[in-house]
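This report concerns only the one structure given below.
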Amino acid sequence: METDQEREKRLRKKAMSLPLRPGVYLMKDKAGGIIYIGKAKALKNRVSSYFGSHRNHQTKVIRMVENVQDFDYIICDSEFEALVLECSLIKQHRPKYNILLKDDKGYHYVKVTQGPWSKIEASFHTDDQTAQYFGPYTSSFAVKETVEEVQKIFLLPQCGKTFPCTRQRPCLNYFIKQCSAPCAGKISLENYQRNVEQAVEFLRGGSAEALKSMQQQMEQAAENLEFEKAAALRDRIRAITRFSEKQKVVSADVPEQDVFALAKSQERACLAVLRFFDGRLVDSEHFLIDAPEEEAQARYELVIGYYAMRERIPPRVSFDYEPQDADLLSRWLSEKAGHKVTIAVPQRGSQKELVELCRSNAAEKLALSLGRKGRETAALDELAHLLGLPAPPEYIESYDISHTAGTENVAGMIVFENGHPLKSAYKRFKIKGFEGQDDCASMAEVLERRFRHYLEEKDDSSSGFARLPDLILLDGAQPQVNAVRAVMQRLGVDVPVFGMVKDSSHRTRAITGEGGEIAIHTKRSAFTLVSNIQEEVHRFAIQYHRQRRSKGISTTLTAIPGVGEKRAAALLRAFKSVTAVSEASVEQLRAVKGVDERSAQAIYAHFHAE
């Protein structure tokens with residue numbers, strides 16, 4: 001029986017014999033089934049990389065390679081030709097390890113039946129090989145509404161009758177001018193077919209193209225003195241205009257485009273699509289998949305799969321972040337659509353707002369599938385992109401130092417899990433290594449103690465330090481970050497560390513890392529999350545410092561004979577500080593409720609003894 005090492009050695013030897021030419025490769029399992037299809041600019045380099053060291057491979061790739069028993073390949077003349085073939089083969093075989101668009105929704109279509117008296121109707125299936133279909137659409141309501149409007153505008157029957165029929169009296173729709181009544185012979189077959197052709201043109205090209213064509217036909221009919229025909233076209237133009245005006249305009253600056261965005265957690269991801277036509281939002285879809293390790297590649301593969309199932313490809317496709325091989329993808333889409341397709345990654349303005357809207361939709365759908373809130377999911381995803389993290393940081397630890405001129409030096413540690421405070425995991429530290437003020441040394445000491453606990457207790461699930469955070473945020477600038485990174489490097493702990501920088505008004509201004517400061521004010525969701533974390537860790541550290549300081553002050557007073565905790569508390573309420581108590585006269589001390597003459601003399605003597 002062949003071992004895994006022998007199998008990979010055999011496959012690598014076969015891969016090294018491949019040509020350095022573009023092509024498509026097909027990975028096969030023991031049963032000969034295709035489990036992965038990919039394209040390559042140079043087949044030898046790409047395929048052989050699977051069967052060498054797995055050090056740089058993603059988890060998905062390692063799993064796939066473990067199941068590969070053999071592979072086949074097809075040589076192409078160019079990388080673009082390889083891309084086209086790859087898409088076709090993926091659509092045909094739907095391999096297990098390719099990212100596929102799977103969701104739990106059914107699809108809806110607009111169906112145009114064939115025959116002399118064609119009908120336009122909504123359909124859930126495409127099993128009639130003779131019919132023409134438009135779609136698919138995810139919204140049954142949108143399909144039903146479109147069909148009803150088309151039937152009314154072009155006076156097509158809404159009933160289930162088969163034409164021609166023997167009924168002589170038309171129904172109510174004829175009298176309210178919503179049907180041409182072919183059942184009663186009120187329209188000739190020629191005119192009926194013309195109406196159907198115009199309706200199909202409307203479905204294919206939208207209201208703008210239909211209006212342009214009908215306007216020309218109306219003018220031509222008027223010139224030919226066909227006033228009845230011109231009037232009918234005029235009424236139809238008005239009906240289409242009324243229908244179009246009822247739609248809410250969302251993006252008038254780019255009339256037709258699709259917008260894609262990806263939201264990701266550590267386990268799952270969601271691709272959302274918003275489709276705009278004639279300057280209005282006409283459809284939206286989302287697809288849940290396992291969290292990809294390479295987002296650029298995921299966007300590329302998801303879009304390939306998406307348009308492999310779609311007829312209509314708009315002239316512009318916008319993304320939240322650039323997909324892999326954007327130029328190649330644009331060329332493939334252009335070839336498939338029959339017109340130029342531009343790929344854009346908007347950075348500002350209304351287009352950027354549309355992308356953010358799409359990202360919010362993706363985050364909301366992802367959060368719903370995970371049982372979370374969309375706002376927190378979007379914030380964590382945005383923060384991950386901002387800081388260059390491989391996945392959204394679901395478990396965040398944050399630290400702050402608090403002291404008064406170097407005295408009662410303490411630190412607070414807070415935890416945010418899935419965007420919410422996890423107060424049961426909060427920790428407090430008293431600085432032990434030195435006296436005085438040194439925020440960098442304090443932060444280094446705290447993080448060293450925290451991770452030494454982790455190294456000692458990581459196998460103990462009941463320990464509060466046994467879990468490694470996905471991200472550490474320090475309430476401090478670059479010096480604190482450098483001090484902590486040195487400690488973690490020495491201990492062999494690998495966790496992303498960043499600092500939270502404040503402005504002169506003590507509000508969050510930026511995040512600092514190895515490459516300098518990262519502005520976050522333009523990233524609304526991430527900015528709100530980081531601001532909340534910074535405010536909470538500052539509050540928690542100060543609260544602990546005040547407790548320590550109050551306890552220290554109280555201890556100073558209770559050291560005086562005749563002064564207990566209640567009397568010390570009364571003195572602090574009256575004089576606000578130990579210094580004020582020390583400067584008070586016997587009469588002033590005696591005026592405090594609960595302090596008698598003897599105690600007042602003892603307190604005064606304590607602070608004025610030579």
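Taking residues in the range 291-305 that are closer than 13 Å to K60 by Cα, and partners anywhere that are part of a helix (DSSP H, G or I) and among the polar types (S, T, N, Q), the pairs with Cβ atoms closer than 9 Å and at least 6 places apart or on different chains are E293/T59. Taking the range 417-430 as the region of interest, how many residues are within 17 Å of L380 (Cβ to Cβ) and in contact (Cβ under 8 Å) with a residue 60 or more places away in the chain? The number of residues fulfilling the criteria is 2. Inspect all residues belonging to the range 4-20 and state whether any of them is farther than 25 Å from Q324 by Cβ, among the acidic types (D, E) and loosely packed, with under 12 Cβ neighbours inside 10 Å. Yes: one or more hits. Taking into account only those residues within the range 78-114 that are at pLDDT 85 or above and assigned to a loop (DSSP other than H, G, I, E, B), which is nearest to L203 (Cα to Cα)? Once the filter is applied, the top-ranked residue is T113. Look at (1) closer than 30 Å to A477 by Cβ; (2) modelled with pLDDT of 90 or more and you find that H385 fails only one, number (2). When T126, T162, T146, T166 are checked against the criterion of being polar (S, T, N, Q), at pLDDT below 80 and either in a strand (DSSP E or B) or under 30 Å from Y36 (Cα atoms) (or both), a single residue qualifies: T126.
In the range 154-173, of all residues being more than 21 Å from G115 (Cα to Cα) and in contact with a helix residue (DSSP H, G or I) (Cβ under 7 Å, 6 or more places away or on another chain), the one that is surrounded by the most Cβ atoms within 10 Å (Cβ to Cβ) corresponds to P170. Checking each residue of the range 372-391 against the condition of being surrounded by 16 or more Cβ atoms within 10 Å (Cβ to Cβ), hydrophobic (A, V, I, L, M, F, W, C) and free of Cβ contacts under 8 Å to residues at least 40 places away in the same chain gives no match. Among the residues of the range 543-557, those identified as crowded, with 16+ Cβ neighbours inside 10 Å and at pLDDT 75 or above are Y544, H545, L557. Within the range 343-360, being loosely packed, with under 14 Cβ neighbours inside 10 Å and either touching a residue at least 12 places away in the same chain (Cβ under 8 Å) or on the phi > 0 side of the Ramachandran plot (or both) holds for G349, S350.
Scanning the range 33-77 for residues being surrounded by fewer than 16 Cβ atoms within 10 Å (Cβ to Cβ) and under 18 Å from I304 (Cα atoms) gives a total of 1. Of the strands (runs of 3 or more DSSP E) entirely within the range 480-596, those holding at least 1 residues that are of a type in the set (K, R) and free of Cβ contacts under 8 Å to residues at least 24 places away in the same chain occupy 508-513.
A search for C-beta distances below 8 Å between a residue of the range 1-28 that is part of a strand (DSSP E or B) and any residue that is acidic (D, E) and buried (at least 18 other Cβ atoms within 10 Å of the Cβ), counting only pairs 6+ apart in sequence or on different chains, returns V24/E86. When the residues of the range 265-274 are filtered to those that are modelled with pLDDT of 85 or more and either of a type in the set (S, T, Y) or out of contact with any His (no Cβ under 6 Å at 6 or more places or on another chain) (or both), the one that is surrounded by the most Cβ atoms within 10 Å (Cβ to Cβ) is L271. The one condition from (1) over 21 Å from L366 (Cβ atoms); (2) in a helix (DSSP H, G or I); (3) within 16 Å of the chain's Cα centre (by Cα) that L333 does not meet is (3). When the residues of the range 341-371 are filtered to those that are in a loop (DSSP other than H, G, I, E, B) and farther than 20 Å from L85 by Cα, the one that is farthest from the chain's Cα centre (by Cα) is R348.
Is there a residue being touching a Cys at 6+ places or on another chain (Cβ under 6 Å) and either within 30 Å of R490 (Cβ to Cβ) or not assigned by TED's automatic domain parsing to the domain that holds V530 (or both) anywhere in the range 366-378? Yes.
Just one of (1) at pLDDT below 85; (2) over 24 Å from P479 (Cα atoms); (3) polar (S, T, N, Q) fails for S504. It is (2). For the range 394-407, the criterion of being outside any strand (DSSP E or B), in contact (Cβ under 8 Å) with a residue 40 or more places away in the chain, charged (D, E, K, R) and within 20 Å of A466 (Cα to Cα) is met by at least one residue. Being part of a helix (DSSP H, G or I), under 21 Å from A391 (Cβ atoms), modelled with pLDDT of 80 or more and in contact with a Lys or Arg (Cβ under 9 Å, 6 or more places away or on another chain) is a condition met by at least one residue of the range 288-307. Filtering the range 431-479 to residues that are over 35 Å from the mean Cα position of the chain (by Cα), exposed (fewer than 14 other Cβ atoms within 10 Å of the Cβ) and either assigned to a helix (DSSP H, G or I) or touching a residue at least 40 places away in the same chain (Cβ under 8 Å) (or both) leaves only E456.
The values are calculated or read from the model by the stated rules, or taken from the named source; none is laboratory data. Everything numeric here is computed off the predicted structure, so don't read it as measured data. Ideal geometry is used to build each Cβ from the backbone, glycine not excepted, and the neighbour counts take in all protein chains shown.
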